[in-house]
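The values are calculated or read from the model by the stated rules, or taken from the named source; none is laboratory data. Keep in mind it's a predicted model, so treat the numbers as computed, not measured. Note that we place each Cβ from the backbone using ideal geometry, even for glycine, and neighbour counts take in every protein chain shown. Ligands, DNA and RNA are stripped out before the accessible areas are found, and what is left, the full protein with its side chains, is counted by its heavy atoms. Shrake-Rupley method; radii C 1.70, N 1.55, O 1.52, S 1.80 Å.
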Amino acid sequence: NLRYCATGAAPLDPEILNFLRGVWCIPIVEGYGPTEGCAITFLSRPDDPTNRIVGGPMGCLEYKLVDEKEMKYTSKDKEGPRGEICFRGPCAFKSYFKNPDKTKEGLDEDGWVHTGDIGMINPNGSLSVIDKKKSMFKLAQGEYVAGDKVEEAYKKNDLIKEMFIYGDSSKSYLVM
């Protein structure tokens, strides 16, 4: 009696998503909602068969993408507007419990929650999560490295199933 299914957290791998849609023959929607957003902030439509799309914003919030020039994501990109996903509204958190420094880091004076996730607005107006600000490591020599991109390159090898990359700005190398 399963009529539809929803996923959250990170977008599902397209291969897995297509497999589940084919096996269950039901719509599977993908959602996005950081902890600071009190559950779902974006949700795809049941009739949208595309992958890696977290949909449009819930009615209780407004959102914007903030240019992330260090990572070369801007609102003028030819692929579509890209930048850090920020949102505000009644579903946004007010503060971290007894942690004003962390609150200041993630919530600006105008009430915008800065998620640290990089999004792209698709031609149909939906949002895709495409990167993370925190996945960039600045090494001792000043070079920026995208850890998740390195992980994906290594995981193409059939002998490697999982991997974690760590960078430290006081070192000139990554640790795997």
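For region 1-153, what is the percent of antiparallel DSSP beta bridges, rounded to the nearest 5?
90
Just from the alpha-carbon atoms, what are the Rg and Dmax of the chain in angstroms?
Rg, Dmax (Cα atoms, Å): 17.9, 57.
For K161 and T35, what is the calculated FRET efficiency with R₀ set at 41 Å and r taken between the beta-carbons, to the nearest 0.05?
0.90
If you put +1 on each Lys and Arg Cβ and -1 on each Asp and Glu Cβ, how big is the dipole of the chain around its Cα centre, in Debye rounded to 20?
Charge dipole, the chain, about its Cα centre: 100 debye, nearest 20.
Tell me, in nm to one decimal, what length is gained between D47 and L20 on full extension, where the rule is 0.36 nm per residue of separation less the Cα-Cα distance?
Additional length available on full extension: 8.2 nm.
Just read off the accessible area of T35 with the full protein assembly in place, 1.4 Å probe, to the nearest 10 Å².
The accessible area comes out at roughly 120 Å².
For region 5-73, with equal point scatterers placed on the C-alpha atoms only and solvent neglected, what are the log10 I(q)/I(0) values from the Debye formula at q = 0.18, 0.26, 0.27 1/Å, to two decimals?
-0.74, -1.13, -1.17
If you filter region 1-45 for chymotrypsin sites (Phe, Trp or Tyr not before Pro), then keep DSSP loop positions with at most 10 other Cβ within 10 Å, what is left?
Y4
For the chain, what is the calculated [θ] at 222 nm in deg cm²/dmol (nearest 500), taking -39500 (n - 2.57) for each run of four or more DSSP H residues and dividing by its residue count?
-4500 deg cm²/dmol
Multiplying the sequence separation of D101 and C5 by 0.36 nm and subtracting their Cα-Cα distance, what value in nm do you get?
Full-extension gain reported as 30.8 nm.
Of all GluC sites (Glu not before Pro) in region 147-176, which ones are in loop regions per DSSP and have a Cβ with at most 13 other Cβ atoms within 10 Å?
Hits after loop and neighbour filter: E162.
Along region 103-108, what does the Karplus equation 6.51 cos²θ - 1.76 cosθ + 1.60 (θ = phi - 60°) give for ³J(HN,Hα), rounded to whole Hz, x for Gly and Pro?
Result, ordered by residue: 4, 4, 5, x, 9, 8 Hz.
By how many nm would the segment from D13 to C60 grow when fully extended, if each residue of separation counts as 0.36 nm and the alpha-carbon distance is taken off?
14.1 nm
Taking the C-alpha atoms of region 74-176, how large are the radius of gyration and the largest Cα-Cα span, Dmax, in Å?
Reported Rg and Dmax, both Å: 17.0, 48.
Using a 1.4 Å probe over the heavy atoms of the protein chains, calculate the carbon and sulfur portion of the accessible area of region 1-128 as a whole percent.
Carbon with sulfur: 56 percent of the solvent-accessible area.
Out of the trypsin sites (Lys or Arg not before Pro) in region 16-83, which ones are loop residues according to DSSP with at most 10 other C-beta atoms within 10 Å?
K72, K76, K78
At what distance in nm do the modelled label points of E143 and E109 sit from each other, each positioned 7 Å from its Cα along Cα→Cβ?
3.9
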